[in-house]
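The values are calculated or read from the model by the stated rules, or taken from the named source; none is laboratory data. This structure is a prediction, so every number in the text was calculated from the model and none was measured. Because the Cβ atoms are built from the backbone with ideal geometry, glycine has one as well, and the counts that use them run over all protein chains shown.
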Amino acid sequence: MKTIAFFNNIHSSAIWHQLSASMREDGIILLTFGFGSEKALVEAMEKGEIDILLTNVSRDMPGFSGLHESMVKVPVRVGLGSGLPSGFSTFSEEETDAISRYFEVLSTDNFRLGLRRLAGLDHAPCMEVSGSGIYHPDAEDRFSDALSYRNWLERKNRLTPGAQVAGIIMHYSQLAEGNHADIDALIRELEAQRVVPFCVFCDSMQESTADRDTLYPWYRFFRAGELRPDIILNFLMGRLIASAEDRDILNDLDVPVMQLIRNFTLSPEQWLEDPVGISAMSLTHSLVQPEMFGVIDPMMVAGSKRNPGDPYTVFTAVPIPERIRMVVRRARRWVRLRRLPNSEKRVAVVLHNSPCKGVESTVGMAAGLDTFESLVRLLRRMQEEGYHVGAVPENGKALLDMIQERKALHEFRWTTVDEIVRKGGVLHTMTRREYEIRFNVLDATVREKVNTDWGEFPGQGMAWKKGGDDVLLVTGLRFGNVFVMAQPKRGCYGARCDGEVCRILHDPDIAPPHQWLATYFWIREQADAVIHFGTSGALEYLPGKRAVLSGNCFSDISLGDLPNIYPYIMDVPGEGMTAKRRGRAVIVDHLTPASRPAPVSEELASFEEMLAEYRRASDGNERSRLESIGNAMLDPAVKLRFLDEGATVDDLHEGIERFSRQIERVKRSMVPDGMHLFGSVPDQRAVAAMILSAVPRSSLEMSSYEDIAGCHPSPGENVFEKALEVVMAVIDDSASRDDMAASIGRLPSGLKRWCRNMADSIAQAAGETDSLLRALDGGYVEAGLAGAPSSGKPDVLPSGRNFFAADIMTMPTDAAWEVGRNLADQLLARFYREEGRFPESIGLSLWSSDAFKSDGETLAQIFHLLGVAPLRQANGRVNNVGVIPAEKLVVDIGGVRMSRPRVDATIETSSIVRDMLPHFIALIDKAVSAVSELDESLEVNFVRKHTLEQLAALQAELAEEMDESALQRLALFRVFSSAPGSYGSGVGLMLDASAWESEHDLGEAYINQTGFAYGGAQLDAGRRAHDLLADQLSRIDVTCIKQTAAEYDALDCGCYASSAGGMTSAVSSLSGKKPKTWWIDSTVPGENDIRDFRDEIDRSTRAKLFNRDWIERMKAFGFKGAQSFAAQVNTLFKWSATTGEVENRVFDGVVETYVADAQNREWLREQNPYAFEEITRRLLEAEARGLWKASDDLLEEVRSAALILEGDLEERIGDVDEDFQGSRVEVFTRKDVDLWKTEWKMPAKKDNA
């Protein structure tokens, strides 16, 4: 007997396993080893148990050098491929090539012959086997060309004229191994639904060739012409094509490419029950990599089973019939779009709103997009393309007015069901019979959940009596074959917003209500496609798996087989990938608005000049002049809200340096310059601003505003403005002044070329509408990297593409590691300066924006706090961490280098990080485990200290219920998020619904929502760990969150206030003292800043909310501009409630700017009175809760405005029969609501120190 070992990555493990048993009859013991079994292989080689070694690994694999030392001890060796060192094989080059041919293409027969040849046994020559061709389970043989297959179909009467054709791409290994039950099931189902299957199999890409027909056999077959596919169903994992340059082959085929996935670890039954649905490894290979080439609609079509005793890598695919039927239904819907004339296509356009902020004020919410004007322009373009769109409104405001006048919305504070019916906002009334025909086909578990959560039909919300019978209202407007609709309310009911009707606050996992389902049932049947118009809605955040959903996940139930097209802002890939993976979205990304430095008002500029004069007097020790300047500065300092009313000159003297820092931060702030019009190219000035804002993050030779402005023929103090003029001259020299020619000549040629290329790419924004219409034609939408133009990455342009996210496996990048280390050291140094000690534990919020906007800077900061560093493989990917020796952990404090401890971290992640970035969580988990095991003093290793403390507490409490290993696992958790399949923020909902009385309520909601622990293993995804989280929060010294990008700030997203603010509330409630609350900013390259949260609120409000220039620019967008003002005030309220860090004068500033200012007040009252009502209501609530100590005159301004608004809005409603809440604030907390689910309750209140 001879022992032959085969070592590779076991892509074809089934064939080798099948051979292992049969080769013994030939006198050969066949052993197979894959990555992960290197230790066993080395042991066998060192013991001399292997006679012949066959391998195709590469010298680039991790740990190869040590492995190679043992490999060369095997007497007979064959290296397959070119990845091994020269001389590895013990055969001649000619003989090695001859042997290798047996193993080039998967074939049980050839492999057997090759092994016999290696063993010196009789063998036949290598047989010809093709790794590519066309497969059909009923055909006696495989087909080598499309014509032969077409002829076979015709002979078998399986091809009818005009039939839909579905191309299938499968890996040849599935055929070679005989493991293709899922492929066969798909082919059968396609034929059952009268679709012609065109199944092409191919081997792995041979990237050594440039010949596309060889590289992509499927492309060769599909473009041959004998049988052109209308859609492609792709089973391949990894990259669909070899390089970005080859993406044009998908444009050439111009058909949608659906991604079909196998679950390699779970049976169909297990997968259906699993809340996660797809492993981290499968997420990467089966979804992330194919997404780079524009695949859509990922679907799980098979589970797996294993026979007892088989290796882990050997499995049999088991089809999931329901999913396969849905694949075919969805494919048919996409093909229908290809075949249907535009004049017959029916399209539903769903506008987003935020019910918890106000249905009436937020309809049409879309990040960075002028929604209504964009939609009207789209309708006009559709009309030009032959769509029946009826009478298109004159402009965006006319469309909005129609929605508001007809109340084509949903019930809320100022809207009742009878008003909607009376004013004509109803598209359809769905009867019980209609609804139950559709509802009763859902799985029994789904029906039970909906009925348990909401009661049986009609449930709660949007129900109406018609002829004495209950009906559900489907609301919206009709324009020919186009329906414009507001997205239904996802988790609340009634003409109210409070802690009683906000059911999603009581239960984050609550099903969507009957009216939500009724609306989407109607859309599915009335429309050929749906467009969710703008970023972002609730559909993709319904309960269900994290990606690749089942038919029991509510996002999947809502859409059914309907194509979903989603115009989406290009710089929020985390949310966008959620829309793709959970909402089946074909993304059509659009430009962000241009950004520019926050304008400085004349008053602020004058005050800055006074500060400069003050410093000059101080430097000259001119005391009398200092006193005079100080007296002159006092009133402006109070008026500009640097100081409170009643401040003294002494207060001013103490604040001089702080005032200068505050002004400088404002000047460095970038603010959006309006909103983007979908499908429109920005004007020249906006294009130049986009280019210029990208310069500091580019790798250009001249990469600062100052350098570029220095080339201007007449430099001035406004550096950005001068640099902007230079860039405008570069991208359009025909429009530049004569004296700019010399300036342009002084610029580096690389910069000029880069600017012009960027301008050309931005100008392709007109293609956004083309891409959307291509999707509506059932065509292919090209893929592109997500990100903002300001990132400095040219690859994010042009817009109009189906974006994908950057490769998270390479994060943190080297640059991000340097920034993260610096931020960690800054944090520790600042804390030490303030407290005379180092912190033991830091609380951080980790968002997907850390990956997709800053390449993992927060992750790197966490690593450095823990005292570990990322370990990068040769391919650039980070797969582990290495412990930094304690003696190398030093930090510079005031010029003195000090040893510092390993600092613990409790990390709260968003649901998007939980679902889309499991790699980050796994790396943190590895880091905590490694550091906790170090034999170090607890005084220098706070991570180990807290792990041991947690373990002791868990042992005392749970020793009888859990074994020691399970307790140790629990003690190591540091990452927490919401429960698997759950989305949203309990704290945010509680604040929106005014459903709280104290900080304790907010802290309790935070822990209930976030108390699920996550680790690196799939079994560690969402352990209930509320007590563990509470214990960790109780010892936190600092909570912090990092700014995502220069153009976003603390007031741009209420989610930040709910998460980071919620953590602060919980820490304060548990510990009895306020933690430090810090804002981290690394948006200006080389100028990292960690500041008190009060300073960030000051910067944010000065840069935008109180900035007259920004306000006037936003007012140009009417209703949407007012939305922005109200949203920022609402977020300000949330930060105040959760952190207590919003100073009185900030609320004063809101009143002075938006209420007391007659011009702004009347503008808000006219453009969006609902948004204005929310501003006044939040101000009054802040005052009532003690968050704002209002002066009598300012409070009276708010009360007076609120009273006038109440009259205005009641007049708008008119006579209605139903009650509505209006501007009342009614507080219902947990103790008032029986349905409120609470797993964890806050201990008795501690006194805050």
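General observations
- Any chance Glu95 is surrounded by 13 or more Cβ atoms within 10 Å (Cβ to Cβ) and acidic (Asp, Glu): yes
- Some residue of region 1077-1093 being out of contact with any His (no Cβ under 9 Å at 6 or more places or on another chain), closer than 30 Å to Glu1152 by Cβ, at pLDDT below 95 and among the hydroxyl-bearing types (Ser, Thr, Tyr): yes
- Some residue of region 1080-1094 being buried (at least 22 other Cβ atoms within 10 Å of the Cβ), closer than 15 Å to Glu1143 by Cα and of a type in the set (Val, Ile, Thr): no
Here is a yes/no grid of residues against (1) over 26 Å from the mean Cα position of the chain (by Cα); (2) assigned to a strand (DSSP E or B):
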residue	(1), (2)
Gly882	yes, yes
Val891	yes, yes
Ile907	no, yes
Asp915	no, no
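- Listed here are the helices (runs of 4 or more DSSP H) enclosed by region 1126-1194 that have at least 3 residues being within 30 Å of Ser1068 (Cβ to Cβ), of a type in the set (A, V, I, L, M, F, W, C) and in contact with a Leu (Cβ under 9 Å, 6 or more places away or on another chain): 1144-1150, 1169-1184.
- In the condition set (1) surrounded by 12 or more Cβ atoms within 10 Å (Cβ to Cβ); (2) touching a residue at least 24 places away in the same chain (Cβ under 8 Å), Asp60 is compliant with all but (1).
- When region 905-964 is filtered for residues that are in contact with a Gly (Cβ under 7 Å, 6 or more places away or on another chain), of a type in the set (Ser, Thr, Tyr) and modelled with pLDDT under 95, nothing remains.
- Of the residues making up region 234-269, those that are in contact with a Pro (Cβ under 9 Å, 6 or more places away or on another chain), within 23 Å of Phe315 (Cα to Cα) and in a strand (DSSP E or B) are Asn234, Gln259, Leu260, Ile261.
- All positions within region 180-233 that are in contact with an Asp or Glu (Cβ under 7 Å, 6 or more places away or on another chain) and under 22 Å from Thr316 (Cβ atoms): Pro197
- When residues in region 468-513 are screened for being touching a Phe, Trp or Tyr at 6+ places or on another chain (Cβ under 6 Å) and outside any loop (DSSP other than H, G, I, E, B), 4 of them pass.
- Answer residue from region 302-330, given it is of a type in the set (D, E, K, R) and buried (at least 22 other Cβ atoms within 10 Å of the Cβ) and is farthest from Asp230 (Cα to Cα) among those: Arg323
- All of Ser204, Ser286, Ser267, Ser279 fail the test of being under 17 Å from Ser132 (Cβ atoms), small (Gly, Ala, Ser) and touching a residue at least 24 places away in the same chain (Cβ under 8 Å), apart from Ser204.
- All positions within region 363-384 that are of a type in the set (S, T, N, Q), crowded, with 24+ Cβ neighbours inside 10 Å and over 22 Å from the mean Cα position of the chain (by Cα): Ser374
- Hey, Ala729 assigned to a helix (DSSP H, G or I), out of contact with any helix residue (DSSP H, G or I) (no Cβ under 8 Å at 6 or more places or on another chain) and surrounded by 18 or more Cβ atoms within 10 Å (Cβ to Cβ) or not: no
- Count of residues meeting criterion [of a type in the set (S, T, N, Q) and touching a strand residue (DSSP E or B) at 6+ places or on another chain (Cβ under 8 Å)] in region 933-957: 1
- In summary, Gln174 fulfils each of the numbered conditions (1) over 26 Å from Arg323 (Cβ atoms); (2) of a type in the set (S, T, N, Q); (3) assigned to a helix (DSSP H, G or I) with the single exception of condition (1).
- Residue among Val1146, Val1155, Val1216 that is buried (at least 19 other Cβ atoms within 10 Å of the Cβ), in contact (Cβ under 8 Å) with a residue 60 or more places away in the chain, touching a Lys or Arg at 6+ places or on another chain (Cβ under 9 Å) and of a type in the set (Val, Ile, Thr): Val1146
- Test: residue in region 519-529 that is part of a loop (DSSP other than H, G, I, E, B), at negative phi, touching a helix residue (DSSP H, G or I) at 6+ places or on another chain (Cβ under 8 Å) and modelled with pLDDT under 95: no
- Selected residue (criterion: nearest to Lys357 (Cα to Cα)) from residues of region 978-1010 that are under 26 Å from the mean Cα position of the chain (by Cα) and among the hydroxyl-bearing types (Ser, Thr, Tyr): Ser985
- Among the residues of region 177-186, the ones that are at pLDDT 95 or above and either surrounded by fewer than 20 Cβ atoms within 10 Å (Cβ to Cβ) or part of a loop (DSSP other than H, G, I, E, B) (or both) come to 3 in all.
- Selection within region 386-405 - part of a helix (DSSP H, G or I) and over 34 Å from the mean Cα position of the chain (by Cα): Glu405
- Within region 45-61, the residues that satisfy the criterion of being more than 15 Å from Trp16 (Cα to Cα) and among the β-branched types (Val, Ile, Thr) are Ile50, Ile52, Val57.
- Any hit, region 429-440, residues being buried (at least 23 other Cβ atoms within 10 Å of the Cβ), assigned to a loop (DSSP other than H, G, I, E, B) and within 35 Å of the chain's Cα centre (by Cα): no
- Sole exception among (1) touching a helix residue (DSSP H, G or I) at 6+ places or on another chain (Cβ under 6 Å); (2) surrounded by fewer than 18 Cβ atoms within 10 Å (Cβ to Cβ) for Ala763, by number: (1)
- Check on Ser660, among the hydroxyl-bearing types (Ser, Thr, Tyr), touching a residue at least 40 places away in the same chain (Cβ under 8 Å) and over 30 Å from Ala1116 (Cα atoms): yes
- Residues (surrounded by fewer than 23 Cβ atoms within 10 Å (Cβ to Cβ), part of a loop (DSSP other than H, G, I, E, B) and either among the acidic types (Asp, Glu) or in contact (Cβ under 8 Å) with a residue 24 or more places away in the chain (or both)) located in region 917-955: Glu933, Leu934, Asp935, Glu936, Glu939, Val940
- Residue check for Ala408: surrounded by 23 or more Cβ atoms within 10 Å (Cβ to Cβ) and either over 26 Å from the mean Cα position of the chain (by Cα) or over 30 Å from Gly674 (Cβ atoms) (or both): yes
- Any hit, region 500-512, residues being surrounded by fewer than 23 Cβ atoms within 10 Å (Cβ to Cβ) and more than 31 Å from the chain's Cα centre (by Cα): no
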